[in-house]
Amino acid sequence: MAILETKQISVYFGKMAALSDISLSVAEGEILGLIGPNGAGKTTFFNCISGYLNCSSGAIFFNGRDITRYPTYRVCHLGICRTFQIVQSFQEMTVLENVMMGAFCRYSNPRKAARMAEEIIDFSGIADKKEQIAGSLTLADQKRIELARAIATEPEVLLLDEVMAGLNVEETEEALKLIRKVNEKGLTIVVVEHIMEAIMKISHRIAVLDSGELIADGPPETVVQDERVIKAYLGEEYHA
């Protein structure tokens, strides 16, 4: 059963189509990889689902409910949370305070929010840094903070926008381990990523956007052999 579904959603900026009739479903418990060249519409797709941007046409369904024009806070309260390409941590706040900001989505009591945040910080592997200022930490740790804050909203679906961008090989492997742990807790994940080795390892299924259109959708091993995907994104070198 689809937990998240888009039906022919389109987004126009003037006469330019950033997304064109995208119909895509995500099964409960699935990790869906979303790939494509820069400007393909991946972040625009996330913006529509999370309420940062209204579709020009089409509809978005979450657990069967039409959420097409819901504002961001309502989408989050329902159970969809996202991260961003550029880290959005509160730089002058501690790690604990950052994650508490997510926990406040469910817990108005600061003590309860703090307890929840501490559990998630421990789960995310940054317990030893909980009292440190977020802005003083490495990019890898700041990305963990952002993921931890998203988890703290207690979502059913996580939208991860390039959580491995800028990380070295070891940091990328640690990020993959954390994403798997999150998925094993029952969360459905849609992840945008340009590192093909990473996306192939983590995804149950891959969807490919190009110039705002969905050009492929299927198992990773099938998608990377698709001639349209090779031409639009991977290049002949990858095929070889």
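In the condition set (1) closer than 30 Å to residue 200 by Cβ; (2) part of a helix (DSSP H, G or I), residue 17 is compliant with all but (2). Residues of segment 204-238 being closer than 26 Å to residue 11 by Cα and polar (S, T, N, Q), which ones? Residue satisfying the conditions is 211 alone. Filtering segment 20-53 down to residues that are part of a helix (DSSP H, G or I) and not hydroxyl-bearing (Ser, Thr, Tyr), which residue is surrounded by the most Cβ atoms within 10 Å (Cβ to Cβ)? Per the criteria, the residue is 45.
Scanning segment 57-77 for residues that are in a helix (DSSP H, G or I), surrounded by fewer than 17 Cβ atoms within 10 Å (Cβ to Cβ) and hydrophobic (A, V, I, L, M, F, W, C) returns no hits.
Mind checking whether some residue in segment 76-91 is touching a residue at least 12 places away in the same chain (Cβ under 8 Å) and over 25 Å from residue 31 (Cβ atoms)? Yes, the conditions are met somewhere in segment 76-91. Of all residues in segment 46-74, those being over 22 Å from residue 143 (Cβ atoms), in contact with a strand residue (DSSP E or B) (Cβ under 9 Å, 6 or more places away or on another chain) and not charged (D, E, K, R) number 17.
Among the residues making up segment 181-219, those that are over 23 Å from residue 156 (Cα atoms) and either not in a strand (DSSP E or B) or not assigned by TED's automatic domain parsing to the domain that holds residue 34 (or both) are 194, 195, 196, 197, 211, 212. Every listed requirement among (1) in a helix (DSSP H, G or I); (2) assigned by TED's automatic domain parsing to the domain that holds residue 33 is met by residue 165 save one, (1). Under the condition of being acidic (Asp, Glu) and touching a residue at least 40 places away in the same chain (Cβ under 8 Å), which residue from segment 170-209 is surrounded by the fewest Cβ atoms within 10 Å (Cβ to Cβ)? Out of the qualifying residues, it is 174. The condition of being at pLDDT 95 or above, touching a strand residue (DSSP E or B) at 6+ places or on another chain (Cβ under 7 Å) and hydrophobic (A, V, I, L, M, F, W, C) holds for only one of 133, 120, that being 133. Among the listed residues 144, 180, which satisfies the condition of being within 20 Å of the chain's Cα centre (by Cα), within 18 Å of residue 34 (Cα to Cα) and among the basic types (Lys, Arg)? Going through 144, 180 in turn, the sole match is 180. One residue alone among 121, 35 is touching a Leu at 6+ places or on another chain (Cβ under 7 Å), touching a residue at least 12 places away in the same chain (Cβ under 8 Å) and under 26 Å from residue 166 (Cα atoms), and that residue is 121.
In segment 121-131, the count of residues that are in a helix (DSSP H, G or I), farther than 30 Å from residue 41 by Cα and under 19 Å from the mean Cα position of the chain (by Cα) is one or more. Scan segment 85-111 for residues that are of a type in the set (Phe, Trp, Tyr) and either over 17 Å from residue 142 (Cα atoms) or crowded, with 17+ Cβ neighbours inside 10 Å (or both) and the total you get is 2.
The values are calculated or read from the model by the stated rules, or taken from the named source; none is laboratory data. This structure is a prediction, so every number in the text was calculated from the model and none was measured. Every residue, glycine as well, gets a Cβ built from its backbone with ideal geometry; the counts of neighbours run over all protein chains shown.
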